[in-house]
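The values are calculated or read from the model by the stated rules, or taken from the named source; none is laboratory data. Predicted model only: the values in this text are computed from it and were never measured. Neighbour counts run over all protein chains shown; Cβ positions are idealised from the backbone, glycine included.
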């Protein structure tokens, strides 16, 4: 017997992972799923791939939650699935006002996860490998912090304390060849010399920045569903073939030690619903309390299982029993596509 139709609101429906997420939700094999997309831009792929679309303010604006709530009521939405880090804080602060489940952790969890300096301090307290760092603002403080961490004898890096999707991330490397960058690399190279960064930053003040040692090695992530105390269901995977700050190739892994790290982080931060934890080498560099790129299986559809959990149709014990279905070596290749239409 097919289950009743359900309507899911997917926020930030212009994000790079939108097409795969919407397809995964539709191809759940159990029920008709009606999809409502929201985004701050009309030029959102969700406008074309969802059954309905609404433009809303940016997630950082005070009216964001009210706008999403209005869409929920107008479209008879059953579950809200936020996709962007920028949407989380506004929704978390108001999730109790919604008449339907909003798949976001509490405000304290979101703030502590999004504040990269606080995240790194937490990881050090837990004994989880993470980069050494300094929280600073202003050119002089960045210069001093970079030298404390070993520059120019070794590269370091910095990024805004609050950031998402590699925005503002820069490697500070004294060996950077600017002529080679100019003639042979694509625009947007993330490497520069410390002296160049100092010239561009304000002498004092400005946003808080995280200056940290540069983690090296292969990239891996842990994705899953958590209950505020532990990982209920999830998998580890590689993160490879970077293009424009996005990984384009993934292979699932059987690495229980990574899942154990995720359990410790989930418990400390009280992460609920979806999460993504990123590692470079052995160091954890990102904690994202939201859905990210999923490697789909025909018998293990994490986004849809999260929706069923929100509807009370599957228990955490039943989800935990599905861990054995995770297939190591399952591979995903992300690629670019396009749409055409007449105005």
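Checking each residue in region 126-141 for being within 26 Å of the chain's Cα centre (by Cα) and in contact (Cβ under 8 Å) with a residue 12 or more places away in the chain picks out 126, 128, 129, 130, 131, 132, 133, 134, 135, 136, 137. Kindly check whether there is at least one residue in region 309-317 that is in contact with a helix residue (DSSP H, G or I) (Cβ under 7 Å, 6 or more places away or on another chain), part of a helix (DSSP H, G or I), touching a residue at least 60 places away in the same chain (Cβ under 8 Å) and crowded, with 21+ Cβ neighbours inside 10 Å. Looking for residues that are in contact with a helix residue (DSSP H, G or I) (Cβ under 7 Å, 6 or more places away or on another chain), part of a helix (DSSP H, G or I), touching a residue at least 60 places away in the same chain (Cβ under 8 Å) and crowded, with 21+ Cβ neighbours inside 10 Å, one finds at least one in region 309-317, hence yes.
The residue pairs whose first member lies in region 241-258 and is more than 18 Å from residue 222 (Cβ to Cβ) and in the same structural domain as residue 282 (by TED's automatic domain parsing), whose second member is modelled with pLDDT of 95 or more and assigned to a strand (DSSP E or B), and whose beta carbons are closer than 6 Å, counting only pairs six or more residues apart or on different chains, are 241/249. Looking across region 1-46, not a single residue is assigned to a loop (DSSP other than H, G, I, E, B), touching a helix residue (DSSP H, G or I) at 6+ places or on another chain (Cβ under 6 Å) and over 27 Å from residue 249 (Cβ atoms). Only a single criterion out of (1) surrounded by 14 or more Cβ atoms within 10 Å (Cβ to Cβ); (2) at pLDDT below 95; (3) within 20 Å of the chain's Cα centre (by Cα) is not satisfied by residue 252, namely (2). I'm trying to understand the selection: among the residues of region 189-205, which are within 29 Å of residue 279 (Cβ to Cβ) and either part of a strand (DSSP E or B) or in contact (Cβ under 8 Å) with a residue 24 or more places away in the chain (or both)? Those that are within 29 Å of residue 279 (Cβ to Cβ) and either part of a strand (DSSP E or B) or in contact (Cβ under 8 Å) with a residue 24 or more places away in the chain (or both): 190, 191, 192, 194, 197, 201.
Filtering region 156-168 to residues that are in contact with a strand residue (DSSP E or B) (Cβ under 6 Å, 6 or more places away or on another chain) and either over 22 Å from residue 110 (Cβ atoms) or part of a loop (DSSP other than H, G, I, E, B) (or both) leaves 156, 157, 158, 161, 168. Output yes when any residue across region 100-110 is under 17 Å from the mean Cα position of the chain (by Cα), surrounded by 16 or more Cβ atoms within 10 Å (Cβ to Cβ) and assigned to a strand (DSSP E or B), and no when none is. Yes, region 100-110 contains a residue that is under 17 Å from the mean Cα position of the chain (by Cα), surrounded by 16 or more Cβ atoms within 10 Å (Cβ to Cβ) and assigned to a strand (DSSP E or B).
On inspection, residue 241 qualifies as at pLDDT below 95, under 19 Å from the mean Cα position of the chain (by Cα) and within 30 Å of residue 299 (Cα to Cα). Taking (1) closer than 20 Å to residue 287 by Cα; (2) touching a helix residue (DSSP H, G or I) at 6+ places or on another chain (Cβ under 7 Å) in turn, residue 127 satisfies each apart from (2). Looking only at region 37-71, residues that are surrounded by fewer than 19 Cβ atoms within 10 Å (Cβ to Cβ) and free of Cβ contacts under 8 Å to residues at least 60 places away in the same chain come to 15 in all.
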